[in-house]
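Reviewing the structure listed below.
Each value in this text was obtained by applying a stated rule to the coordinates, not by laboratory testing. Worth saying up front: this structure is predicted, and the values here are computed from it rather than measured. Glycine also receives a Cβ, built like all others from the backbone with ideal geometry; neighbour counts cover every protein chain displayed.
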Amino acid sequence: MVRKTIALALMSGLAFILAFILGDWSPMERLSGVAYDYVTRGAADLGAMNLVTAIVVTYRGLDTLGEVTVLFLAASGVAVLLRRKRDEAAATVKIKRAASEIVTTGASLLSPFIVMFGAYIFLNGHLSPGGGFQGGAVIASAVLLLFLAHPDYKLRHNVLNIIESFSGFTYVLVGLLGLFLAGGFLDNRFLPLGTYGTILSAGAIPLIYTLIGLKVGTELAGILENMKGRA
């Protein structure tokens, strides 16, 4: 009863705060400051149809680097925290129930297409909605599907470590190339901008998002396996 009363009080307080905030809210009629500069100059300066991508990858390049670093630390933390649990579980014999034939067949057929779709999302992030984080999450969902269908499925950690390390190192290298050859860290203009609206456009943005997608996908896949545990 006490918990329900506290929860009701918190929800009522939150509703009051939202009502107070929205009471004075009025829609923005025009952009101002930095946002106006991004919208008016972004496409011409960076050559990306998806302006959100241009802002995230270039103008906010250091923030994106921080987000990738946070994800790497989260993956490392999960691996360290669950290592002891895995060691203790290894001493016991686990009997895992196999999934049905329909689930295993469906997972085997769908997983390659899910990976392809994830790659499409980060390769076309400069042209359409998407990007490295979204594409990497889609790729990790294919790994999750395999884990659900095949409880004993194991990833090749040597391959994952190579892909993750290579993509992270190359990502930082591309950022430094932008710093020394263009206008700043992760500046995509050290490569030709190409033809606006085509796959080979926006300079280094497709390369940057490919590296982010590979790194995010491998790190999320590692987190999923660590949470699954290994017998």
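In table form, for the structure just shown:
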{"quantity": "Percent RCO, i.e. relative contact order, over segment 117-231, from Cα pairs under 8 Å lying at least 6 residues apart", "calculated": "36"}
{"quantity": "Most mobile of GLU67, GLU101, GLU164 in a GNM of the chain (Cα contacts under 10 Å)", "calculated": "GLU101"}
{"quantity": "Whole-Hz ³J(HN,Hα) from phi, Karplus 6.51 cos²θ - 1.76 cosθ + 1.60, for segment 41-51, glycine and proline x", "calculated": "10, x, 5, 5, 6, 10, x, 9, 5, 7, 5"}
{"quantity": "Cβ-defined net charge surrounding PHE72, 13 Å radius [Lys, Arg +1; Asp, Glu -1]", "calculated": "-2"}
{"quantity": "Distance in nm between pseudo-label sites at MET1 and LEU51 (7 Å out along the Cβ direction from Cα)", "calculated": "5.7"}
{"quantity": "Compactness of segment 150-231, expressed as Rg and Dmax over alpha-carbon positions, Å", "calculated": "16.5, 52"}
{"quantity": "Calculated FRET efficiency for the pair LEU8/PHE180, C-beta based, R₀ 41 Å, to 0.05", "calculated": "0.10"}
{"quantity": "Fluctuation leader among GLY135, GLY213, GLY33 - the chain, Gaussian network, Cα springs under 10 angstrom", "calculated": "GLY33"}
{"quantity": "Positive-pole candidate from THR218, TYR196, GLY106, dipole of the chain, charges at beta carbon", "calculated": "GLY106"}
{"quantity": "Pairs of lysine residues in the chain - Cα separation under 30 Å, sequence separation of 8 or more or cross-chain", "calculated": "12"}
{"quantity": "Kirkwood Rh, angstrom, the chain [1 / mean 1/r, Cα pairs]", "calculated": "20.6"}
{"quantity": "Most mobile of LEU179, LEU31, LEU214 in a GNM of the chain (Cα contacts under 10 Å)", "calculated": "LEU31"}
{"quantity": "Relative contact order (percent, whole number), the chain, Cα cutoff 8 Å, 6+ residue spacing", "calculated": "27"}
{"quantity": "Selected from GLY47, PRO27, PHE166, residue furthest toward positive end of dipole (the chain; charges at beta carbon)", "calculated": "PHE166"}
